[in-house]
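Trainee: A single structure is presented below for examination.
The values are calculated or read from the model by the stated rules, or taken from the named source; none is laboratory data. Keep in mind the model is a prediction, meaning the values are calculated, not measured. Note: ideal-geometry Cβ built from the backbone for every residue, glycine included; neighbour counts use all protein chains shown.
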Amino acid sequence: MPRIVLGTGGFEGLSGKVGRAAMLAALKMGYRGIDTSEMNRNLIDIRWACQRAGVDRKDLFLVLKIPPWSHGYDGVLQSFRRQTSQLRLDYVDLVLIQWPHVWSLEQRDWGPAQWSKANQTKASMRRESWKAMEELFNSGRARAIGVSNHTIDDMEAILQGCAVPPMVMQGESHPHWPNRPVRDWCRKHEIIFQGYAPFGGQETDQNSGHRAVDDDVVHSVATRNGLTPFQVCMQWNQARNSSTVVKSKNILHLRENLAACNQRLCAAADLGRIDERAKEFLKYGPCYWGHNDMDYMHPWKDEEKMLESMFSDGALEA
């Protein structure tokens, strides 16, 4: 797995002419990992960029995600077939279940309201989803399988009934939300942790100037080491995770992020100073709503309890 993977989803994901240009530029400058999902609606754009770049398939690392409306044995296999058909691929390097929550087929809009509608979630469907993932792995269509945005409880539930355990967990990871309990659990169970949102989430009018990349300590470390704040956040992630997913449409930022992987690592003491910052931001929770292990004191604890109530079949499993 490449140490840096190009993300293509989220708000204003990489699609259309601008997205194609960014992906093509990234591949030409040395990126070899691409992360996507059926939810991103950009599979044909990715195929175009890979073909135009002329990179051999064996040198690419492609990550696909199964969206939350495709849970269940048949749903997972159908989503995989749709995605690989658009990409014109026989296999992918890594397949992830994007979220533990189960949405209906009609429920494809993003936001907190959609999570609250997911109270029909069935643990049995999630078990069937993992059986399909195991089939993809055993057949060679997926070289590796894993999950994204899952809590420790979610992953332990998978381990209790699986033949093939998750190999990768992808989750939010940046100095303001290091996700340390999940990372430690993954290390204990020999699961690779892959971080995303290394700068503290995509910049918006609401969070501008307040993300991890804007942190005073991050800027101080950047000045001491002759790096940019973005590169410091990348190096912080590289030192703690096996791989980092990062997105940009800006050619200069794409080059800047890639260069961070090849530059001298910041001193351990500097990275330790950054670690301390997480304590001040724990109460705000992650940048992306309702996932990963949260401290029960943060303002979203009621929503988290609601999500926990969906992690079992209740009377059906009694």
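Trainee: Sort out which residues of the range 56-71 are out of contact with any Lys or Arg (no Cβ under 7 Å at 6 or more places or on another chain) and either modelled with pLDDT of 95 or more or assigned to a strand (DSSP E or B) (or both), and write them in order of number.
Mentor: Asp56, Arg57, Lys58, Leu62, Val63, Leu64, Lys65, Ile66
Trainee: Something else: Take the residues in the range 106-116 that are surrounded by 15 or more Cβ atoms within 10 Å (Cβ to Cβ) and not in a loop (DSSP other than H, G, I, E, B); name whichever of them is modelled with the lowest pLDDT.
Mentor: My answer is Trp115.
Trainee: Continuing with the same structure: I'd like to check something: does the range 87-105 contain any residue that is modelled with pLDDT of 90 or more and in a helix (DSSP H, G or I)?
Mentor: yes
Trainee: Report the residue count in the range 94-107 for those that are closer than 17 Å to Glu135 by Cβ and in contact (Cβ under 8 Å) with a residue 60 or more places away in the chain.
Mentor: 2
Trainee: State all residues of the range 6-21 that are under 11 Å from Asn42 (Cα atoms) and buried (at least 16 other Cβ atoms within 10 Å of the Cβ); if no residue qualifies, say none.
Mentor: Thr8, Gly9, Gly13, Leu14, Ser15, Gly19, Arg20 - these are the residues of the range 6-21 that are under 11 Å from Asn42 (Cα atoms) and buried (at least 16 other Cβ atoms within 10 Å of the Cβ).
Trainee: When residues of the range 42-98 are filtered for being of a type in the set (A, V, I, L, M) and over 30 Å from Ala123 (Cα atoms), how many remain?
Mentor: Qualifying residue count, the range 42-98: 8.
Trainee: For the range 255-283, name all the residues that are surrounded by 12 or more Cβ atoms within 10 Å (Cβ to Cβ) and outside any helix (DSSP H, G or I).
Mentor: Within the range 255-283, Cys261, Gln263, Leu265, Cys266, Ala267 meet the criteria.
Trainee: Now for a separate question. Could you give me the residue pairs with C-beta distances under 6 Å whose first residue belongs to the range 17-29 and is more than 13 Å from Val55 (Cβ to Cβ), whose second residue is modelled with pLDDT under 95 and hydroxyl-bearing (Ser, Thr, Tyr) wherever it lies, and which are 6+ apart or on separate chains?
Mentor: Pairs that qualify, where the first residue is more than 13 Å from Val55 (Cβ to Cβ) and the partner is modelled with pLDDT under 95 and hydroxyl-bearing (Ser, Thr, Tyr): there are none.
Trainee: Here is a follow-up. Return the total of residues in the range 4-20 being under 22 Å from Ser242 (Cα atoms), touching a Ser or Thr at 6+ places or on another chain (Cβ under 7 Å) and assigned to a loop (DSSP other than H, G, I, E, B).
Mentor: 2
Let's see how each residue does on (1) surrounded by 20 or more Cβ atoms within 10 Å (Cβ to Cβ); (2) among the polar types (S, T, N, Q):
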position: Lys28; (1), (2): no, no
position: Thr36; (1), (2): yes, yes
position: Gln51; (1), (2): no, yes
position: Phe80; (1), (2): yes, no
position: Ser85; (1), (2): no, yes
position: Tyr91; (1), (2): no, no
position: Leu94; (1), (2): yes, no
position: His101; (1), (2): yes, no
